[in-house]
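So the structure is just underneath, and the comments pick up after that.
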Amino acid sequence: MRGPGRWWRGKSTPAKVETYTRSTFHFFAVLEVATVGLTALGQVEPWLAAWLLLMVSAHAVVCATTASRALDWTRGRREQPVRLLWTVGVITAAVATGALGLAEHGPDGENVDGAAGGVFGLVLIFGAGTLALGVRDRRRVYALVGGFGSGAGAVSLALGAPGGAALAATLAVLLGSAVMAFTSAFSVWLLDAFYELDEARETRARLAVAEERLRFGRDLHDVMGRNLAVIALKSELAVQLARRGRPEAVDQMTEVQRIAQESQREVRDVVRGYREADLGVELAGAQGVLTAAGIRCEVTGGGAAGLPAEVQSALAWVVRETTTNVLRHGDAAWCAVGVRVTEGRAVLTVENDGASAPSDRTVGGSGLAGLRERLAAVEGTLEAGRIDGGLFRVVAEVPAAVSG
């Protein structure tokens with residue numbers, strides 16, 4: 001059974017930011033009800049407190065729903081919730097006007113004025129913040145904040161509030177709406193920035209794979225292009241000689257056979273070089289790539305010298321795959337890669353403080369199962385899991401005899 005901690009660690013960084021952003025705006029709805037709705041229960045008559053609580057709760061529910069739909073719209077998952085935005089505007093105006101009318105023409109008492117005034121101000125402020133999520137143009141946000149502030153003052157004067165009280169309401173709503181609108185706009189900008197950064201990392205990983213494929217294609221073309229051209233020419237010459245009954249046709253076909261065998265050997269060399277990775281190069285590349293991604297990387301590879309080529313190749317693949325996983329699926333700020341030789345075994349350790357762990361499907365596209373298969377070819381083992389302190393560790397061990 002997955003616990004809350006595993007559920008949170010399993011999310012990517014953008015997904016965490018999105019969850020935090022949604023939770024924040026849902027918390028605003030709870031805060032609205034708790035601040036002005038529940039507080040009124042102990043200040044005014046029960047029937048009046050019930051009406052205030054009902055109005056505030058309805059407004060908070062509509063704002064929370066609209067905020068969630070607006071965030072989906074900013075991520076391109078649904079159309080702009082225009083009807084909900086208009087609904088928020090209408091309900092906000094109705095609740096604020098009703099609360100202000102209650103304060104001016106309702107039962108006398110400072111408690112009634114305070115409760116109704118609190119509903120009036122906070123409903124307008126939270127309504128402006130919610131509406132700011134549903135627009136993208138900066139000028140519309142400015143107009144929204146100005147409209148709420150001036151509207152608060154105009155309605156106050158229309159319902160008989162003194163000029164000083166109307167001015168105070170205008171300034172309070174204007175300042176509060178500006179803060180909430182800025183919070184909404186900044187939250188959307190931050191969420192978009194994290195998703196764009198994650199997409200950039202994915203693109204960089206795909207480009208690295210594409211570059212390696214192009215390199216392999218160029219090498220294969222260089223090897224096979226010339227040899228195939230020679231084979232085609234000599235085969236054509238052999239056909240012409242055979243038609244004339246010349247014995248040199250056999251010599252030409254023998255040459256074709258030799259070139260074909262040589263091409264086969266060269267292709268095997270190219271494929272072997274593609275499959276075999278150099279441990280020293282991979283360690284240096286891992287440090288460079290992680291550092292460029294803003295991840296502090298510590299590499300200790302003194303034990304790599306003298307290891308057999310097949311052992312270095314197997315461990316180099318572990319470095320390559322785990323580094324890719326840290327970039328694509330983790331949330332790491334620090335990573336350490338170390339190689340040592342102890343008791344006749346080469347041990348590679350990769351640790352990071354990322355929040356997401358690799359699986360059999362996520363490590364570099366081949367997963368832990370693929371790495372275990374590579375290590376099994378050289379009688380090696382692979383262990384991966386979370387350790388104390390929230391770190392994730394991958395340990396690969398391969399039998400190795402260090403050469404002199």
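The values are calculated or read from the model by the stated rules, or taken from the named source; none is laboratory data. What you see is a predicted model; the values in this text were computed from it and never measured. When we count neighbours, we look across all protein chains shown, and the Cβ atoms used for this are built from the backbone with ideal geometry, even at glycine. Note: areas computed on protein heavy atoms with side chains; ligands, DNA, RNA excluded. Shrake-Rupley method; radii C 1.70, N 1.55, O 1.52, S 1.80 Å.
What the table shows:
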{"read-out": "Per residue accessible area in Å² of region 215-273, where ligands, DNA and RNA are left out and the probe is 1.4 Å", "value": "70"}
{"read-out": "Pairwise FRET efficiency - A50 versus Y142, Cβ, R0 = 30 Å, nearest 0.05", "value": "0.20"}
